[in-house]
Amino acid sequence: MQVNTEDITVSWGQQPHPLDSTYGKWRMALFQDLQESIDTSKLYFLYDPIADEKCCTRCFVGEIPLHAQGTMKFLFSLKCPSPQGGSAFVLVTEEQIYGQIRLHVFRLDLSGDGLSVANCRPLLHSALLIGGEYICSMREDAPEIVVMANPGLQVWRINAIAEQPQEPSANFTVPGADLTHFYDGFLSNGSVHLLSSSPDGHLDHTRIHVLNLNNAGQITTQNCTPDPQRGMPAPRKNAGIDGVANAILLAGGEIDHGNYNIQRLVDYWMLDTRTFQWLQIPAQMPAPLIEPRLTACNSG
C-alpha cells in the first residue's frame, strides 16, 4: 500500500496565505467536522461558535454562513454534485430542550464556485428524538444516513437525496443491545460495524460487532486477527476513526499510563471488514495530535 502524508498547516514562523490575515485570527478553533469539496480543491470545516465556547474565531480563506436550527454537529459529503454544480452535503444539528435531544437532518447544497449556500432544506418531517448518546454515520455504498441511539440500540435510516421532507426510510430497535457498550460505530459494505470498548473506555481491538442493515435486529460478533508483521494496534482512547468500503481506518489516539503520563500515538491502522484482520499502514502523522479527527474523502 502506497501512502503519502502531507502536512498542509502553516509552519511556525512561516508566512501564511495572504487571505489568512483577514480570516485567520487563530488556529485553535474547535471544529465539529471536516469534508472535501466534490472537485477536491477545498476543505470545508464545520464550525459552530456556541460549541466552541463562543471564542469568536474565524477561519482560513473564506467563510460560508449556515442558517440551520440547532448546534452544528456532523457534515457528510455526497458523491453527487449539488444542482448548482457545487458540493452537496448532509448537515446534522442538535438541540437540547428540557433534557431531551433532538437531531435535525438537512440537505446542504453549495453554489457552483463552492463559496456560498444555494439551498439548505430539511430531509425529515420532524426531528429525531434521542434518549441520550448517539452515533451518526453515512453509508459509502448508498446516499443514506444512519443514526444509532439509546436507550438500548435504536436505528434510523434516512434518505440523503430525498427531494422533499419525509419519514425515515426505516426505524427499528435491536433487541438486547445497548449503544453504551460500544466504543464507536461506522458503516462499511452496507453494515454497521460497532467497535468494542474495554471497561476503562479504551478501544478493544480484539473483536468487532456487525449489524446488517438488511437483516435488522441481529448483531454478530467477529474476532479480529493481527497484522502478520506488526501485531495488533495498542489499546487507546481518543483515536481518529472512519469507515470506507471494505475497511475501518484508525489514526493516532492516546494511552493513559497514569500519573499524568499520556502517550500520544502517530500510527495508522486499517481493519479489513471482509477478513477482520488488522493491517498497519506504512505511514505516520507529521506530529502527535490531541484527539485527531480522521475523514475519508470520496476522492480517496
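Only the coordinates and a few stated rules stand behind these numbers; no lab work does. As the structure is a prediction and not an experimental result, all values here were calculated from the model. Cβ coordinates were reconstructed from backbone atoms using ideal geometry, including for glycine residues, and neighbour counts include every protein chain displayed.
General observations
- Chain lengthening between R121 and N223 when straightened (0.36 nm per residue, less Cα-Cα): 32.5 nm
- Most to least packed among 87-93, 178-184 [average Cβ atoms within 10 Å]: 87-93, 178-184
- Residues in segment 166-203 that a label on D141 would reach, taking backbone N under 14 Å of a point 7 Å out along Cα→Cβ: 187-193
- Under 5 Å from the amide H of R207 lie the amide H atoms of S196, C224, each residue being 5 or more positions distant or on a separate chain, with H modelled from the backbone and absent for Pro and chain starts.
- Exposure proxy for K73, K79: other Cβ atoms within 10 Å of each Cβ, ordered fewest to most, give K79, K73.
- Along segment 206-220 the Karplus relation, 6.51 cos²θ - 1.76 cosθ + 1.60 evaluated at θ = phi - 60°, assigns HN-Hα couplings of 7, 8, 9, 10, 10, 10, 7, 5, 8, 10, 4, x, 10, 10, 10 Hz to successive residues, with x for each Gly and Pro.
- Amide H to amide H distances under 5 Å link G112 with G86, where only residues 5 or more positions off or on other chains count and H is placed in the peptide plane.
- Fully extended contour minus Cα-Cα distance, from F172 to Y260, at 0.36 nm per residue: 27.4 nm
- What the Cβ-Cβ distance of S198 and S111 gives, at R0 = 51 Å and to the nearest 0.05, is a FRET efficiency of 0.65.
- Binned Cα-Cα distance frequencies in segment 146-255 - 10 Å width, integer %: 13, 43, 31, 11, 2, 0
- Counting beta carbons within 10 Å around each of R264, R121 and listing the fewest first gives the order R121, R264.
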